[in-house]
Amino acid sequence: MPLVVVGSVALDSVETPTETRENLLGGSAVFFSYAASYFTPTWLVSVVGDDWPPEHTELLDARGIDTSGLKKVPGKTFSWRGRYYDDMNHRETLEVNLNVFEDFDPTLAEAHCRCKYLFLANGPPAVQLRVLDQCPGAQLAVADTMDLWIKSSRDEMTELLRRIDGLVLNDSEAKLLTGEENLVRAGHATCALGPRFVVIKKGEHGAMFFSRHETYVLPAYPTPNVLDPTGAGDSFGGGMMGYLAEQGNFEPKTLKKALAYGMLTASFTVEGFSLDGLKKVRREDIEQRMDEYRKMLAF
Ligand code: AMP
């Protein structure tokens, strides 16, 4: 089943302890759609400026991602700069230039509005709400968010939480959102704000799932080759939603497998800068990791 993602498309600059790379293809919707495309037809909706290199769109097209919703407008593309510290788990955002993303007010094409699976990738909650308004038939609407929006758009965030089915966010964001230091409490407190399920991402330590009926933790796939963690969270979301859309249901059993697929997809992303790690991958490679992951978890 097709999956629509609305979020940022960016030029990222990334500093790791050993290397700095400038103007890389990035953005929440880019990592998400690339990851999801291994599982299901994926439609990307976003905006770029006139500095956008066409080869980036060609890379997405080559994976079969529908980029007809990627609009080019006058101005500069959203850009982000981040720095990772020694253990690659701690990241600092050095710069965020919203640029054309600041006025992003997407009008979805008719086909996109009829989607059943919708992902509101990281972006302003007001925009995420306007997209939700345009997709009244979505059976599964899941959002991601980050500290910037939790701090700057509390009211819109509260409304968004009441209207979505699922929320994906990282551990520090869950604490910020709920004021709870304990992650289990933070997960349940987030569910109490509205979503039917909440996934808290914990970087190399995996992810926690919360719903009214279930709480569990899944580990990350233990890769020793972490070059650049940027986009891991978005790739997790892409793998998870892609699998759900492929299966056409979001029963508890399917959701648990979807979290595992999200984890495995993200493990490829961190093995290279930008999409370098993920773009070498075939679906068979993901399945091979799934076999290893299953064996790892059986006891
Ligand atoms: P992740 O590593 O999964 O948290 O995602 C990093 C990606 O999110 C980068 O490619 C950034 O371009 C993008 N990003 C960073 N800050 C924001 C923001 N405030 N809104 C939307 N996207 C962002």
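The values are calculated or read from the model by the stated rules, or taken from the named source; none is laboratory data. The structure presented is a predicted model; accordingly, all values stated were derived computationally and were not measured. Here the Cβ is made from the backbone with ideal geometry for all residues, glycine too, and neighbour counts use every protein chain on show. Keep in mind that these areas ignore ligands, DNA and RNA; they rest on the heavy atoms of the full protein, side chains included. Shrake-Rupley method; radii C 1.70, N 1.55, O 1.52, S 1.80 Å.
With the cut-off at 26 Å, tell me which of the pairs K253/K295; K71/K151; K116/K256; K257/K280 have Cα atoms farther apart than that. Can you show the working numbers first?
Numbers: K253/K295 18 Å; K71/K151 28 Å; K116/K256 20 Å; K257/K280 23 Å.
Over 26 Å apart, Cα to Cα: K71/K151.
Extending each Cα 7 Å along its Cβ direction at Q139 and K253, get the distance between those two points in nm, one decimal.
Using points 7 Å along Cα→Cβ, the separation is 1.7 nm.
Take every DSSP beta bridge with both residues inside the chain and express the antiparallel ones as a percent of the total, to the nearest 5. Walk me through the intermediate numbers first.
Values: 20 of 50 bridges.
Beta bridges within the chain, antiparallel portion: roughly 40 percent.
What does the charge count around C191 come to, taking other residues whose C-beta lies under 13 Å from its C-beta (Lys +1, Arg +1, Asp -1, Glu -1)? Walk me through the numbers before you get to the answer.
Numbers: positive: R162, R185, R196, R212; negative: D165, E180, E214.
Around C191, the charge tally is +1.
With Cβ to Cβ distances under 14 Å as the rule, what net charge do the other residues near V5 carry (K, R +1; D, E -1)?
Details: positive: R63, K116; negative: D66, D144, D234.
Value of the local net charge: -1.
Using a simple spin-label model with points 7 Å from Cα along the Cα→Cβ vector, what separation in nm is obtained for K76 and E214?
So the label points at K76 and E214 sit 4.5 nm apart.
What is the gain in length, in nm to one decimal, between R162 and D61 on full extension, counting 0.36 nm per residue of separation less the C-alpha to C-alpha distance?
Details: separation 101, 0.36 × 101 = 36.36 nm, distance 3.44 nm.
Gain in length upon complete extension: 32.9 nm.
If I stretch the segment between K280 and E181 completely, what's the gain in nm (0.36 nm per residue apart, minus their alpha carbon distance), one decimal?
Values: separation 99, 0.36 × 99 = 35.64 nm, distance 3.84 nm.
Extra length available between K280 and E181 comes to 31.8 nm.
Please report the antiparallel percentage of DSSP beta bridges with both residues in the range 41-192, rounded to the nearest 5.
Numbers: 6 of 18 bridges.
Of the beta bridges lying entirely in the range 41-192, close to 35 percent run antiparallel.
Carbon and sulfur: what percent of the chain's accessible surface (1.4 Å probe)?
Working: 6410 of 12930 Å².
Roughly 50 percent, rounded to a whole number.
For K76, go through the aspartates and glutamates and keep the ones whose alpha-carbon is under 20 Å away, minus same-chain ones fewer than eight residues off.
Straight-line reach from K76, under 20 Å: D12, E22, D50, D51, E55, E58, E95, E102, D103, D105.
Roughly how far apart, in whole Å, are the Cα centres of the range 84-148 and the range 1-46?
12
At 0.36 nm per residue, and after removing the present C-alpha to C-alpha distance, how many nm does the segment from N23 to T107 gain when stretched out fully? Walk me through the numbers before you get to the answer.
Values: separation 84, 0.36 × 84 = 30.24 nm, distance 2.74 nm.
Length gained, N23 through T107: 27.5 nm.
For the chain, which DSSP H helices look membrane-span-like by this rule: Cα extent along the axis of 15 Å or more and mean Kyte-Doolittle of at least 0.0?
Working: long enough: 232-247 (22 Å, -0.04); 252-269 (26 Å, 0.20); 283-297 (21 Å, -1.84).
Length and hydropathy pass: 252-269.
Using a/c under 1.5 as the rounded threshold, could you call the range 3-297 rounded, prolate or oblate? The axes a ≥ b ≥ c are square roots of the C-alpha gyration tensor eigenvalues, and prolate needs a/b larger than b/c, oblate otherwise. Before the final figure, lay out each step's value.
Values: a/c = 1.21, a/b = 1.07, b/c = 1.13.
Taking the square roots of the gyration eigenvalues as a ≥ b ≥ c, the range 3-297 is rounded.
Per residue, how much accessible area does the chain show when a 1.4 Å probe rolls over the protein heavy atoms, in square angstrom?
43
Let me have the 222 nm mean residue ellipticity of the chain computed from DSSP H runs of 4+ only, each contributing -39500 (n - 2.57), with the sum over all residues rounded to the nearest 500. Please report the intermediate quantities before stating the final value.
Values: 12 runs with 119 residues, N = 299.
The helix-only estimate for the chain comes to -11500 deg cm²/dmol at 222 nm.
At most 13 other Cβ atoms within 10 Å plus a DSSP loop assignment makes a site exposed; report the longest stretch of the chain without any exposed GluC sites (Glu not before Pro). Before the final figure, lay out the partial values.
Working: sites that count: E19, E181, E214.
The longest uninterrupted stretch comes out as 20-180.
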